[in-house]
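The values are calculated or read from the model by the stated rules, or taken from the named source; none is laboratory data. Being a predicted model, the structure only gives us computed values, none of them experimental. All Cβ positions, even for glycine, are placed from backbone atoms using ideal geometry, and neighbour counts span all protein chains on display. Areas reflect the complete protein model, heavy atoms only, side chains present, ligands, DNA and RNA absent. Shrake-Rupley method; radii C 1.70, N 1.55, O 1.52, S 1.80 Å.
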Amino acid sequence: MSVRVYVPRDTTALSLGANAVADRLHREAAKRGLELTLVRNGSRGMAWLEPLVEVDTPAGRVAYGPVSPSDVPALLDAGLLEGSDTHPLAQGPTEAIPYLERQQRLTFARIGVTDPLSIADYQAHDGFRGLEAALTYDAQHIVEEIKASGLRGRGGAAFPTGIKWQTVLDTPADQKYIVCNADEGDSGTFADRLVMECDPYLLIEGMTIAGLAVGATQGFIYLRSEYPLAKEILDAAIANAEAAGYLGDDLRGSGRTFHLEVRLGAGAYICGEETSLLESLEGKRGLVRFKPPLPAIEGLFGLPTVVNNVLSLAAVPFILSEGAEAYANHGMGRSRGTLALQLAGNVKRGGLVELAFGTTLRTLMEDFGDGTATGRPLRAVQVGGPLGAYLPESQWDLPLDYEAFAAESAVLGHGGVVMFDDSVDMAEQARFSMEFCKVESCGKCTPCRIGSTRGVEVIDRIRDGRDREANLALLGDLCETMIDGSLCAMGGMTPFPVQSAVTHFPDDFRRTAEGEQP
Ligand SMILES: Cc1cc2nc3c(=O)[nH]c(=O)nc-3n(C[C@H](O)[C@H](O)[C@H](O)COP(=O)(O)O)c2cc1C
Ligand code: SF4
């Protein structure tokens, strides 16, 4: 009997040699006269174990990783196809790997489990149940469910999704749009990509439900051009969904319409900001728009538009199929549901960790991340992308909760967690933050465009020991000006990492002249 063997085909696994592993498995099995059916699934999100090979056994799937092509013969000798646990790369039953077992996977329940492009596999794992339910509800009922779930935008600003949808529903127009923000520009983040590459129908389902909720018949996925595989998979998934009646003019015989297209961004961080994204989608330069009007009222081509992050939309099918309460039962305070954390930087076990809000940063970095990849002590962590604060050890017991982070001038953002060991120079990191803003600023307003350029110069003077105290004071003033005077969060939040570095790691700003080490 043919044994099913899974080798992921998402970007992470491919970059670590998954295709060569799959090829070697094929050839080695043929040589030995073994029958196997190779399934190219998505990643389970345990980047440190990729390429992760899984085998179907009567007791469930068992895992081996990280597998290189040269490991294949020995793995087959050791009984890989029977799920044997004698080889050093054997990880045991996949679901029992502590990294996975301790997560609360609601949005990512299917990633790595299914063949990303198989509609039958998606349906067999509860897929499209949310959409089937939504087709039986009226628009207001869907919006009420989203409100009751407590879902807040996962793109960064944490704005309540139900309120945004209500605004679009309440704004009369002949045409409305659903725009998915898949620009995923934050440092250390990859959760959007995992959804799109490993479970694309989830996003399609979430966007279609959003269309039904607000009366929009056209959706666009604004995808960063650096994700060519996601583009390929999404295009194929959209064509399959159309053929199966899950997209198009007559959704599952309901007479309802929803069309979907992928559009590529051109590689500017600022095009992730929603109004700049809309400009870019309209074919213009990615300049930030003044608000009001809100995109929910005057968005794409001046019409009411829902702009939501991939993860916000990907949370929707669960809420519709399992009920708002099932989602809201997870989390703490006003942070309901789960958050997709992405462990990156100097970390031993990088990957995707979906947890209910409330876990501490320390638990995440120590229990899941297992410390730094270098083995040196952890010194700082930047949460929430390049505009997020650097957190010192005194803040690692903060619960992962929007309000708890805001109270410390920190953000959870899109869930990126970038770790640094004790060799990091935080003055250099502060300079990097200003330089990033200088390079990526859209240029529309002065505090950001000019402020970031001056910020780099001031930090250079501080690091060179030139008139240090006066320049530190000047840097403080400049940060305040950028916070108060910038049009969008690019200039308005760049000071967060800079100020946190100065406040929590002051020695790094004084060490060049004095020859100190951090
Ligand atoms: C400079 C900047 C970059 C941003 N980049 C992204 C991004 O890559 N992806 C994203 O979903 N949101 C990004 N945002 C947030 C969006 O402006 C917006 O809040 C989000 O798309 C709304 O969706 P949500 O409510 O589902 O989070 C960015 C914001 C700023 C200021
Ligand atoms: S803060 Fe920066 S990115 Fe935002 S509008 Fe002003 S110049 Fe553009």
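Computed quantities for the displayed model
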quantity	calculated
Unmet requirement for A134, which otherwise passes all of (1) among the small types (G, A, S); (2) more than 16 Å from ligand 2 (Cβ to nearest atom); (3) more than 17 Å from F318 (Cα to Cα); (4) touching a residue at least 12 places away in the same chain (Cβ under 8 Å)	(3)
Number of the condition not met by G206 [criteria: (1) surrounded by 24 or more Cβ atoms within 10 Å (Cβ to Cβ); (2) in contact with a Ser or Thr (Cβ under 9 Å, 6 or more places away or on another chain); (3) farther than 30 Å from G369 by Cβ]	(3)
Where a residue in the stretch 283-307 is within 21 Å of S441 (Cβ to Cβ) and its partner, wherever it lies, is part of a loop (DSSP other than H, G, I, E, B) and of a type in the set (D, E), with Cβ under 7 Å and at least six apart	V288/E273
Tabulated pairs, the stretch 154-168, first free of Cβ contacts under 8 Å to residues at least 40 places away in the same chain, second near ligand 1 (Cβ under 7 Å from one of its atoms) and of a type outside the set (K, R), C-beta under 9 angstrom, 6+ apart or interchain	F159/G153; P160/G153
Among the candidates V458, V439, V498, residue that is modelled with pLDDT of 95 or more and more than 15 Å from ligand 2 (Cβ to nearest atom)	V458
Residue match in the stretch 481-492 (condition: within 16 Å of ligand 2 (Cβ to nearest atom), of a type in the set (D, E, K, R) and either assigned by the TED database to the domain that holds T275 or within 26 Å of L412 (Cα to Cα) (or both))	yes
Condition check for E261: surrounded by fewer than 16 Cβ atoms within 10 Å (Cβ to Cβ), under 27 Å from E440 (Cβ atoms), at pLDDT 95 or above and in contact with a Gly (Cβ under 9 Å, 6 or more places away or on another chain)	yes
Extreme residue, nearest to V502 (Cα to Cα), among residues of the stretch 418-450 that are within 16 Å of ligand 1 (Cβ to nearest atom) and assigned to a loop (DSSP other than H, G, I, E, B)	S441
Criterion violated by E408 - all others in (1) at pLDDT 95 or above; (2) more than 16 Å from ligand 1 (Cβ to nearest atom); (3) out of contact with any strand residue (DSSP E or B) (no Cβ under 6 Å at 6 or more places or on another chain) satisfied	(1)
Where P293 falls short, out of the listed (1) part of a loop (DSSP other than H, G, I, E, B); (2) in contact with a Cys (Cβ under 9 Å, 6 or more places away or on another chain)	(2)
Looking only at the stretch 451-500, and only at residues there that are open to solvent by 30 Å² or more (accessible area, probe 1.4 Å) and touching a Leu at 6+ places or on another chain (Cβ under 7 Å), the one that is farthest from ligand 1 (Cβ to nearest atom)	R454
All positions within the stretch 184-201 that are open to solvent by 10 Å² or more (accessible area, probe 1.4 Å) and either on the phi < 0 side of the Ramachandran plot or without any contact (Cβ under 8 Å) to a residue 24 or more places away in the chain (or both)	G185, D186, S187, T189, F190, R193
Identity of the residue in the stretch 25-55, among the small types (G, A, S) and farther than 29 Å from D370 by Cα, that ends up least open to solvent (accessible area, probe 1.4 Å)	A29
Test: residue in the stretch 157-167 that is within 16 Å of ligand 2 (Cβ to nearest atom) and surrounded by fewer than 24 Cβ atoms within 10 Å (Cβ to Cβ)	yes
Strands (runs of 3 or more DSSP E) enclosed by the stretch 297-415 - at least 3 residues per element that are closer than 28 Å to G491 by Cβ and either in the same structural domain as D183 (by the TED database) or among the acidic types (D, E) (or both)	305-309
Every pair of residues 6+ apart whose Cβ atoms lie under 8 Å, when the first sits in the stretch 483-496 and is outside any helix (DSSP H, G or I) while the second is near ligand 1 (Cβ under 9 Å from one of its atoms) and open to solvent by 30 Å² or more (accessible area, probe 1.4 Å)	C488/E273
The stretch 233-277 - residue that is part of a loop (DSSP other than H, G, I, E, B) and touching a Leu at 6+ places or on another chain (Cβ under 6 Å) and, of those, nearest to F220 (Cα to Cα)	L247
Positions within the stretch 213-223 being touching a strand residue (DSSP E or B) at 6+ places or on another chain (Cβ under 7 Å), open to solvent by 10 Å² or more (accessible area, probe 1.4 Å) and either closer than 16 Å to K164 by Cβ or part of a strand (DSSP E or B) (or both), in sequence order	Q218, F220
Filter pass, R105 being touching a strand residue (DSSP E or B) at 6+ places or on another chain (Cβ under 9 Å), assigned to a loop (DSSP other than H, G, I, E, B) and of a type in the set (K, R)	yes
The stretch 163-186: number of residues that are away from ligand 1 (no atom under 11 Å from the Cβ) and small (G, A, S)	1
